[in-house]
Amino acid sequence: MSLEPGTEFAGYTVVRKIGAGGMGEVYLVRHPRLPRHDVIKVLAEHVSTDPTFRARFTREADLAAQLDHPCIVSVYDRGEVDGRLWISMQYVPGTDAAALLSTTPRGLPLAEVAAVGDAIGSALDHAHRSGLLHRDVKPANILISAEESDPVFPGSAPQQRIRLADFGIARPTDGGATSLTSTDLVIGSFPYSSPEQLSAAALDARSDVYSLSCSVFELLTGTVPFTARTPAMMIHHHLSTPPPEVSIFRPDVPRAVSDVVRAGLAKDRADRPPSAGAFAAELRSAIDTTAVVPAPPRPDRTMRARAPLAPTSRPPRVPLPSGPPPTAHAPTAHASTAAIPATGATAYSGLPGHTVPHHDPESSTIRASRDLPVLDTPPAGPAARRTTASLACGVAAVPLSVVGGLGLPVGVAGWYLAGRGQPGSAGRLAQALCALAMVLSLGFIVFTVGSAMIDAVETT
């Protein structure tokens with residue numbers, strides 16, 4: 001179900017669709033009473049109907065709404081309409097780090113990456129102290145908003161403020177050993193998920209450190225640490241493949257910076273920095289204490305002088321290039337919706353001078369910081385493998401049913417696997433084949449035993 005502009009949903013009026021991913025769709029909406037715009041994420045049906053996810057969503061959305069930090073996008077409300085869960089969040093005029101990266105495909109300047117690390121590290125530490133993990137840290141969830149000049153220093157250059165969004169799928173930091181719903185749906189984005197998250201092990205703050213390290217790797221190089229054509233191969237890389245060196249993709253990055261990122265991508269969580277803030281501090285130190293190197297040239301753009309970063313006592317910011325202040329600000333009740341550019345990306349809006357690309361759901365390689373396309377069924381995983389195994393059992397059990405009744409145990413095994421596999425037509429077919437094999441096997445056994453008894457009676 002996709003909401004058209006002008007549609008009323010949960011009391012809000014839909015302005016436009018911002019983006020879509022494996023977890024659901026995101027819309028810019030007008031608040032029914034206040035003179036402002038909010039953002040609503042409408043979760044996909046296959047997660048909204050999952051009873052385990054529904055219960056956790058309610059509990060964790062309530063916890064996320066209590067987070068109060070200048071680098072975290074606020075959660076306002078949550079509910080359910082027509083069986084689909086939704087959550088409303090603060091609207092942040094600006095762009096996201098993924099869209100910003102699209103204008104500098106060779107990577108962002110080191111100072112900007114350090115500022116992102118400072119802000120997101122601080123935001124994650126606050127969430128972790130409040131008892132929440134994010135579990136989906138990626139450039140598309142790192143929002144960079146336009147602001148006016150610093151009021152403390154009138155006439156200073158406009159600056160940007162960095163916030164972490166999408167705490168709607170956060171979870172308590174209780175060490176629980178599951179990152180799956182009851183339908184085996186992985187929560188998060190494969191290119192940024194930690195090994196323990198993908199293997200359903202117990203999670204702690206260091207899982208978010210891994211995801212932040214993947215994001216920093218992409219911001220430095222323009223690509224995620226691992227690329228693959230299938231989710232299964234992506235999971236394999238995160239679990240087993242050593243992370244590549246940043247210098248392979250960007251030789252001008254100092255070795256100290258590459259070492260910090262590599263430590264954050266350690267397979268064993270014990271080898272990673274203990275917190276997101278510690279990782280950000282190591283990254284900042286490595287960047288500030290190494291020789292200054294020129295940022296890679298931005299295509300079709302002239303390099304401009306940048307104002308110094310805001311003091312560390314204030315929320316970390318990335319300075320805008322000099323020039324007229326951006327015109328994108330939080331809309332009011334009198335703002336025209338036509339002034340808000342329509343785009344298919346996950347950024348809430350576009351800053352002047354930045355082009356926000358459309359996500360191509362047909363891409364055969366997982367490498368960008370977007371969610372996987374919305375699927376009718378959850379991504380491939382243990383459930384899919386069980387369904388495949390049950391089909392194999394069903395196909396093998398039918399001919400084996402007339403070979404000494406061997407189809408009976410094979411059919412029972414296939415029936416069991418189908419019951420625990422991925423719901424759908426494949427699972428139903430597997431159960432039908434297994435049931436047929438069990439019936440034929442029982443018939444063969446009864447016929448064989450009966451024939452033997454009849455022969456024995458005739459012989460006596």
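Read-outs: derived from the displayed coordinates by stated rules, not from any lab. The structure presented is a predicted model; accordingly, all values stated were derived computationally and were not measured. Glycine gets a Cβ as well: all are built from the backbone with ideal geometry, and neighbour counts include every protein chain shown.
Dividing the alpha-carbon radius of gyration of segment 1-143 by the rule-of-thumb value 2.2 N^0.38 Å gives 1.11. For segment 186-289, the Cα-based Rg and Dmax, in that order, read 13.0, 39 Å. Here's how it looks for G19: its modeled amide H is under 5 Å from those of V26, which are all 5 or more places away or on a different chain.
Its Cα gyration tensor gives segment 65-114 an equivalent ellipsoid; the semi-axes, largest first and in whole Å, are 31, 15, 8.
In units of the compact-protein estimate 2.2 N^0.38 Å, segment 382-459 shows a Cα radius of gyration of 1.30.
Using R0 = 35 Å, the C-beta based FRET efficiency linking D252 and D62 works out to 0.15. In the calculated pair-distance distribution of segment 2-81, the portion above 19 angstrom amounts to 43 percent of the Cα-Cα pairs.
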